[in-house]
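Note sheet for the following structure.
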Amino acid sequence: GCPDNNGGCDPNATCSHDATTNAVNCTCKAGYANIGSAVNVVCTDSCTVNNGDCDSNAICSHDATTNAVDCTCKTGYNNTGSSVSVIGALSTMEIVVQTPLAHIMLRQM
C-alpha cells in the first residue's frame, strides 16, 4: 500500500487507494507531468514537457508556494491570453518622424 515505498509510485507522485478496489493509484504532484502510462506513472518537471503547455513565446516556471506551472511572457511579448495559458504577442511600436524638425516619437500600437 501507500505507506510502503509510496506504494511503488514515482517520488514526485501522490499515492492513494481506489475506494472500491483498494488498488494503488499514482497521481503526479503539482508541477509534474506523467510521461509514462496510466499504469506506469512516471512524473517529470512539467516545464520539460511541451514547455508546460505555455505558449512558445512564454517562459515556464513554477509557483514558489504551490509548484503549479507559471507562464510568463518573454521580453517583447504581452499577455493576450488568460493567466493560466499565456499567449505571447509581439509588442508593436510605430516610429513617426516629423519634418522639418525631425522629431522622433514612439507610439504604442
Potential extension, Asn22-Ala68 segment - 0.36 nm per residue separation minus Cα distance
13.7 nm
Under a 5 Å amide H to amide H cut-off, with H placed in plane at 1.01 Å, what residues pair with Cys9 once short-range neighbours are removed?
none
Which FRET efficiency value, to the nearest 0.05, is calculated for Thr80 and Thr44 with the Förster distance at 35 angstrom and r the Cβ-Cβ distance?
0.75
Kirkwood-based Rg/Rh on the Cα set of region 1-55 evaluates to 1.05
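All of the numbers you see were taken from the coordinates with simple rules; none came from a lab. A quick note: this is a predicted structure, and the numbers were derived from the prediction, not measured. We place every Cβ from the backbone using ideal geometry, glycine too, and count neighbours over all the protein chains shown.
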